[in-house]
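Presented below is the structure to which this report refers.
The values are calculated or read from the model by the stated rules, or taken from the named source; none is laboratory data. Being a predicted model, the structure only gives us computed values, none of them experimental. Cβ: placed from backbone, ideal geometry, glycine included. Neighbour counts: every protein chain shown. Each accessible area value is taken on the protein alone, full model and side chains, heavy atoms only, with ligands, DNA and RNA left out. Shrake-Rupley method; radii C 1.70, N 1.55, O 1.52, S 1.80 Å.
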Amino acid sequence: MTQTKASPKRRNSDLAMIHMAAKRLFGDVSKGSDGREDYEDWLEEQTRSDGKEGKRSAGKLTTPERIALIKTLRRKGLIPERGRGGAGEDRPTSAQWGKIGGLARSMGWDKGLEDARLQAFVKRTTKTSSTRFLNRTQASKLITGLEEWVRQRSEGADDAMS
């Protein structure tokens, strides 16, 4: 089987999409950050196949592995489909996605933006069926609600220790 070699531009584009999805799920995934280990565990799980160990670095993925992972991420709604909207002016910003992912993790919701508990909160708070359909205003409302919930939980934990 011959291995196709992607152009550096294609490789960089693929890696950017993978990291965009990772950022939505885990917040900051740069080396040494809080979300890095969770990201590496997730990537290893996503790239494991046919008894082979998965890879903990997107940069070590082959072109076919990157393409397969990107298709999976698109199916899960973590990155937009090609040629369809999704990046319009009213879409949530990268900072909003990162904040939502970080708050979800602080609630203990390990599946990030795809966690069923977050989806239920999205429905109650924004009257939207999924995080995928949020606009910037709804994302701000969601962030405010999550921050309040996290604050209340931390105050409850503080009161229990007193």
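General observations
- The residues in the stretch 131-140 that are under 14 Å from Leu118 (Cβ atoms) and open to solvent by 20 Å² or more (accessible area, probe 1.4 Å) can be counted, and the count is 3.
- When Gly102, Gly77, Gly98 are checked against the criterion of being open to solvent by less than 60 Å² (accessible area, probe 1.4 Å), small (Gly, Ala, Ser) and part of a loop (DSSP other than H, G, I, E, B), a single residue qualifies: Gly77.
- Out of Arg75, Arg66, sole residue that is at pLDDT below 90 and out of contact with any strand residue (DSSP E or B) (no Cβ under 8 Å at 6 or more places or on another chain): Arg75
- So Glu65, is it charged (D, E, K, R) and more than 16 Å from the chain's Cα centre (by Cα): yes
- Members of the stretch 141-155 found to be within 15 Å of Leu113 (Cα to Cα) and out of contact with any Ser or Thr (no Cβ under 9 Å at 6 or more places or on another chain), listed by number: Ile143
- Test: Lys52 is out of contact with any strand residue (DSSP E or B) (no Cβ under 9 Å at 6 or more places or on another chain) and either surrounded by 11 or more Cβ atoms within 10 Å (Cβ to Cβ) or at pLDDT 90 or above (or both): no
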